[in-house]
1. Just one of (i) 99; (ii) 91; (iii) 122 is volume of the Cα convex hull per residue in Å³ calculated from these coordinates, so which is it?
2. Determine the order of 89, 6 by accessible area, beginning with the largest, at a probe radius of 1.4 Å.
3. Within 15 Å, Cβ to Cβ, of residue 92, how many net charges do the neighbouring residues add up to if Lys/Arg are +1 and Asp/Glu are -1?
4. For 11, 1, what's the largest-to-smallest order of accessible area, 1.4 Å probe?
5. Keeping every protein chain present and rolling a 1.4 Å probe, give me the accessible area per residue for the chain in Å².
6. Under the rule of -39500 (n - 2.57) per DSSP H run of 4 or more residues, summed and divided by the residues of the chain, what mean residue ellipticity at 222 nm is obtained, to the nearest 500 deg cm²/dmol?
7. Under a straight-distance cross-link criterion of Cα-Cα below 13 Å, which aspartates and glutamates are reachable from residue 50, leaving out those fewer than 8 residues away in the same chain?
8. Run the accessible area of the chain with a 1.4 Å probe and give the carbon-and-sulfur part as a rounded percent.
Amino acid sequence: MPLDQVFPAFMERLPLREDFQENEAVIKCFYSLYQQGNTVLRQHLTGVAKIVAHIYANAQTSNDETKQLVIEFLKIMNRDFNQEFAVAVNSLGSSVTEKLQHLLSS
């Protein structure tokens, strides 16, 4: 599969607007690519951070396991790419920024 061609199209359809149960698959996909150090995901890190932050801030996870994975992924992106992560999150507005600041400071 040509991930460099498929991934941008995938990103255009996110965040999901309904059936948030599918966010589990989205987060697992992102997290797996991140762990692999995939260059395509790295090129889209700002968009990925925005999507994951949106999912967290709007409580769009269907179970506790997915919520924990979202939290872990947010913390890892913040640790590894602090500046890019901050810019992405700040672009989402003050309510999302506040929720994430509270999460990341705890």
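1. The value computed from this structure is option (i).
2. Sorted descending by solvent-accessible area, the residues read 6, 89.
3. Computed value for this residue: 0.
4. Order by accessible area, largest first: 1, 11.
5. Counting only protein heavy atoms, the per-residue value for the chain is 59 Å².
6. Helix-only estimate at 222 nm: -22500 deg cm²/dmol.
7. Those aspartates and glutamates meeting the cut-off are 12, 84.
8. On the way: 3050 of 6270 Å².
Reported share for carbon and sulfur atoms: 49 percent.
The values are calculated or read from the model by the stated rules, or taken from the named source; none is laboratory data. The shown structure was predicted, so the numbers you read here are calculated from the model rather than taken from an experiment. Glycine also receives a Cβ, built like all others from the backbone with ideal geometry; neighbour counts cover every protein chain displayed. Heads up: the accessible areas ignore ligands, DNA and RNA and are worked out on the full protein's heavy atoms, side chains in. Shrake-Rupley method; radii C 1.70, N 1.55, O 1.52, S 1.80 Å.
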